[in-house]
């Protein structure tokens, strides 16, 4: 399969949160699997739908990025079929990332991929 991503993407576990309206994700926390200046992929306890717009908070070590993102992909991950424990891998495209936050993410990704 051809890789469609055009931005350098870092696979790195980060903390973050998302909200839909006034409802924050479970414990205001989520596990971000990878990040680039174009978007993120994270694991969610909540089912989300393609096209939904979320408020995002992403922690990059000592810096925090706040922006909106659109759900572009949702894959179901079955942890335990008997107990019906499932999670969702969610792909997000950033919608309104400021120049300052773009620079924060770009520097973070470049610094972490150097080592």
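The values are calculated or read from the model by the stated rules, or taken from the named source; none is laboratory data. Small disclaimer: the values here were computed from a predicted structure and weren't measured. Because the Cβ atoms are built from the backbone with ideal geometry, glycine has one as well, and the counts that use them run over all protein chains shown.
What the table shows:
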read-out	value
Selected residue (criterion: surrounded by the fewest Cβ atoms within 10 Å (Cβ to Cβ)) from residues of the stretch 87-97 that are modelled with pLDDT under 95 and farther than 13 Å from residue 34 by Cα	96
Count of the stretch 22-70 residues which are at pLDDT below 90, surrounded by fewer than 13 Cβ atoms within 10 Å (Cβ to Cβ) and within 18 Å of residue 102 (Cβ to Cβ)	1
